[in-house]
Amino acid sequence: MTRESTLRFGAQTDEVTSLLRIVNLVRTGEAMTRPEIGRLTGLGRGVVTQRVDQAIEMGFLADGDYGPSSGGRAPRTLRFRSEQGRIIICAFGALHIRVGIASLDGDIIDDGHAHWDIASGPAATIDQAFAMLDEILLRHEDVPVWGVAVGIPGPVDFDSGRPVAPPIMPGWNGFDLRRRFEERFDAPVWVDNDVNLLAFSERARRGEDRLDLIFFKVGTGIGAGLLSQGRIHRGANGAAGDVGHVRVRESESPCRCGKVGCLEAEAGGWALVRDARQALDEGAGGALARERGSGDGLTPQEIAMAAINGDALAISLVQRSARLVGESIAALVNMFNPGVIVVGGAVSSAGEIYLAEVRQRVYELSLPLATRDLAIVRSHGDEKEPLRGGAEMVREQLFEATFPRWFAEGRPLIRDVMPAAS
Ligand SMILES: [Zn+2]
């Protein structure tokens, strides 16, 4: 295939549309053979053959084995060549960076992790992420990058790919993240909130089309990702799900965002560490006192672990957090009517101690109809979740939103059929 014939598709939209539909049918497993494609699209046999040949020539599809026969000659199956392109994911947390590369199927091929304070600002943080990605890419064959996912712990304007006044990311407001990554990888870049990526990961894991789900993360901070009928709800400005800064009754605790009495200033990981330190200063004993004595202060994970191991102070801190989180979730349940609530993050790693309290508050405070079929579960808590979620987000953008445009522009680049420089 030459550059001319790739570009030609730009002018013939019907041809592009049916070609794309065929690639996507095979990619999603809805159709495996040419006769199945014919049945699903209503296209004639000759047209199907022609389009499939084009898709094979362009590198998107390949012939596979022979499928089961329904009487006559068994039809040849087709497969999507997910190894032809690569997705790059960079997930920034408040205190760490996770990077990875994935195939077009969303499988994570390799990944890396480093502790890093996002308050170091965009320049140094992005340099660090690029260095980590370079190290990974060196270990693998050179495959064209089709898309890049960037996750950040704050609100994002999804259309422009810029952070919007992120409370814990000084220096990042309005920073053109998309351009930095586009320049580096010469591929389209999508920037999203970190909890949205976790919601995407849940969607990929469950494989359900029309999921109504809330991912509620109680880590150092607190945030939620909302899936409505399988789609992420980002809101008018990208601030949807920023529940950590909703006001809690009778609280005067100062928050990282500059306001007073926010949910995360009472129930988030950093607030629990603050409260634990205060209790210890006032003479509390037990596991947390020993933990703190051993050196580098306390973390939300350590408090959750101490609660699991029966420490009274840790249990009371964790349960209080769970009650407040349960009240916030109850309000969301009444308004949003999700089928599933997934609770994740370091504080919730206390497990059943946490979930039992959340469930109790939600069922007490929500409308019976809204909780009739509601499942409240723990996230898998796997550290690769943000990477899987990033790959899923890019896949959605590539194959549902922007694929047609790419075809018209002669991209994404396919390794075998790269046109010679003109
Ligand atoms: Zn706040």
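The trypsin sites (Lys or Arg not before Pro) of the range 191-263 meeting both criteria, a DSSP state outside H, G, I, E and B (loop) and at most 11 other C-beta atoms within 10 angstrom of the site's C-beta, are Arg210, Arg249. In order along the range 340-345, phi translates into HN-Hα couplings of 9, 10, 9, 9, x, x Hz, rounded to whole numbers, per the Karplus curve 6.51 cos²θ - 1.76 cosθ + 1.60 with θ = phi - 60° and x for Gly and Pro. Note on the chain: with neighbouring protein chains present and a 1.4 Å probe, carbon and sulfur make up 49 percent of its accessible heavy-atom surface. Three principal axis extents of the range 38-106 based on alpha-carbon atoms, in descending order, are 60, 23, 20 Å.
Round to the nearest 0.05 the FRET efficiency obtained for Arg45 and Asp212 when R0 = 30 Å and r is the Cβ-Cβ distance.
My answer for the efficiency is 0.15.
Mean projected area of the Cα convex hull of the range 128-205, taken over all directions, amounts to 6.1 nm². Normalising the average separation of contacting C-alpha pairs (under 8 angstrom, six or more residues apart) by the number of residues puts the relative contact order of the range 314-378 at 49 percent. The residues of the chain present an accessible area of 45 Å² per residue when probed at 1.4 Å with all protein chains retained. Annotation: amide H of Gly151 within the under-5 Å range of Cys90, Ala91, Phe92, Asp192, sequence separation 5 or more or interchain, hydrogens built in the peptide plane. Looking at the P(r) of the range 39-180, how many percent of alpha-carbon pairs lie beyond 18 Å? For the range 39-180, the share of Cα pairs beyond 18 Å comes to 66 percent. Scanning residues 5 or more positions from Arg162 or on other chains, those with amide H under 5 Å from its amide H are Asp157, with H placed 1.01 Å from N in the peptide plane.
Remark: the His140-Glu183 segment gains 13.4 nm on full extension, using 0.36 nm per residue and subtracting the alpha carbon distance. Normalised by 2.2 N^0.38 Å, with N the number of residues, the alpha-carbon radius of gyration of the chain equals 1.11. Scalar couplings 3J(HN,Hα) for the range 56-64, obtained by applying the Karplus form with A = 6.51, B = -1.76, C = 1.60 to θ = phi - 60°, are 5, 4, 7, x, 7, 10, 9, 6, x Hz; x denotes Gly and Pro. Note that the range 238-253 has calculated 3J(HN,Hα) couplings of x, 9, 4, x, 7, 7, x, 10, 8, 6, 9, 4, 6, 10, 10, 5 Hz, one per residue in order, obtained from phi through the Karplus relation 6.51 cos²θ - 1.76 cosθ + 1.60 (θ = phi - 60°); glycine and proline are x.
The values are calculated or read from the model by the stated rules, or taken from the named source; none is laboratory data. Predicted model only: the values in this text are computed from it and were never measured. A quick note on method: Cβ atoms are made from the backbone with ideal geometry, for glycine too, and the neighbour counts reach across all protein chains shown. Note: accessible area is taken over every heavy atom of the protein model, side chains too, but ligands, DNA and RNA are not part of it. Shrake-Rupley method; radii C 1.70, N 1.55, O 1.52, S 1.80 Å.
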